[in-house]
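Presented below is the structure to which this report refers.
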Amino acid sequence: MADSARVDIAVAGAGHTAFTAALALALALPQRRIALLCGAPPEGGSDPRVTALSASSREIFSQLELWPELAARSEPIKDICVSERRAPVRTRLGPAAGMMPFGHVIENRDLAACLRDAVTRVANIECLPAAAGVPHFRAEGCAVPVAGGELETRLLVIADGADSRLREHLGIALDARDYAVSALLATVVLAGPHRGLAHEHFTRDGPLALLPLPARAGRERAALVWVLPPDRAGDLVAAAPGRGLAALRAALPSGAVAPVEMSPAAAVPLRRILAAEQVRSRVVAVGNAAHSLHPVAGQGFNLTVRDLAALAERLRIAGGDPGALPTLLEYARSREADQRRTLYFSEWLPALFASRALPVRLGRQLGLLGVELVPPLRRALADFGAGLHLPAARVVVDDARL
């Protein structure tokens, strides 16, 4: 690039959040120049990570005209079974209202490919080298160092992950909490059809999610996300495949389709990160750079998608200077309640099921029984998990795509 270039909005990051942000902002603001500071795409390789896209994300990606591609590479969640180790009561949350899936599970490499392809089709997005230093703020924007020069932008969107260098450069404080557990991630081959059933099973060590994946080579598959103490997760990563598979079979609830093969596993330490400031004049932090949550019930990326849709809608409605502090503060205020509820839910649920006190155990079982027997309660829980407790933001106006 030239020694100096100018855009309206720069999105810094190379992950799902950054690409989704660039896409939403470009479609909401078609007259604005958007720079995606992502650098070269990462090299391919084995990646057991998956993303469960909720119904709210489905609605937003439909607005971005990307849902057909995502749906073609994902597997719908038609029902969810919630259960607890050695407890008689379990509940099914489905089928969903109108027979619409609760969500869709997509492998991260497929999600990344869809987002990258979509970005290349949008005329007002330019992909540039990654940010390479400390931004410098000026009267009507900021200058972001990149390879070959610097980029002038009126708004900088920080989307470079939980370990954000840009957030660190700007001195944004963190509320961090180490959960002292790891997520064991793997792909399993099943002995029979999963029929779109997802399991959220609370084991002695932590929550275990088994999520339906698209079949491959005629073999039924599922994604495993199992929260464990770090030592146990590390042991299973290092163990022979047969030992890991045996441990999984022993932990699964009765009625789950038996796994017959298990890919090499990976263990990811879990922590909560909350940025003390999500907005400043000319700056907004999004995704894991703003809030990195416990993975139970798959709330993290779906919360981010709702954030990004709200940001795009707010900038579209406000017009004018996209980095103006009053507009960014309005966005932040509009997202406080949803972020707070989602954080509380993601921390409260595993903590509730971790307690072994008899009164708490009885209360959990009564709660599951209530969800099973009272349809409005079951629907309210399902809608919250699917992100349908709030109306989706309008990234684009209806006639903008005519």
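Which one of the conditions (1) touching a residue at least 40 places away in the same chain (Cβ under 8 Å); (2) closer than 17 Å to Arg282 by Cβ; (3) part of a loop (DSSP other than H, G, I, E, B) does Pro193 fail to meet, given that it meets all the rest?
With (1) touching a residue at least 40 places away in the same chain (Cβ under 8 Å); (2) closer than 17 Å to Arg282 by Cβ; (3) part of a loop (DSSP other than H, G, I, E, B) applied to Pro193, the lone miss is (2).
Looking at Glu200, Glu277, Glu261, Glu220, which is the one that is touching a His at 6+ places or on another chain (Cβ under 7 Å) and of a type in the set (D, E, K, R)?
Just one listed residue meets the conditions, Glu220.
Per-residue answers, yes or no, for (1) under 24 Å from the mean Cα position of the chain (by Cα); (2) modelled with pLDDT under 90; (3) surrounded by fewer than 22 Cβ atoms within 10 Å (Cβ to Cβ):
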{"position": "His194", "(1), (2), (3)": "yes, no, yes"}
{"position": "Thr203", "(1), (2), (3)": "yes, yes, yes"}
{"position": "Pro212", "(1), (2), (3)": "yes, no, no"}
{"position": "Ala215", "(1), (2), (3)": "yes, no, yes"}
{"position": "Ala222", "(1), (2), (3)": "yes, no, no"}
{"position": "Arg249", "(1), (2), (3)": "no, no, yes"}
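Select from region 249-293 the residues that are among the basic types (Lys, Arg) and over 27 Å from Arg232 (Cβ atoms) and list them in ascending order.
Listed by number, the residues that qualify are Arg280, Arg282.
Can you pull out the strands (runs of 3 or more DSSP E) entirely within region 46-144 that have at least 3 residues that are surrounded by fewer than 18 Cβ atoms within 10 Å (Cβ to Cβ)?
Correct list: 136-138.
For region 32-46, state whether one or more residues are at negative phi and under 16 Å from the mean Cα position of the chain (by Cα).
No.
When you go through Arg32, Arg73, Arg49, Arg85 one by one, which is the residue that is farther than 27 Å from Val144 by Cβ and at pLDDT 95 or above?
Arg73
So which of Arg271, Arg232 is in contact with a Ser or Thr (Cβ under 9 Å, 6 or more places away or on another chain) and more than 30 Å from Leu328 (Cα to Cα)?
Exactly one residue qualifies, and that residue is Arg232.
All but one of (1) in contact with a helix residue (DSSP H, G or I) (Cβ under 7 Å, 6 or more places away or on another chain); (2) basic (Lys, Arg); (3) in a loop (DSSP other than H, G, I, E, B) hold for Arg167; which doesn't?
The failed condition is (3).
The values are calculated or read from the model by the stated rules, or taken from the named source; none is laboratory data. All values derive from a computational prediction rather than experimental measurement. Cβ coordinates were reconstructed from backbone atoms using ideal geometry, including for glycine residues, and neighbour counts include every protein chain displayed.
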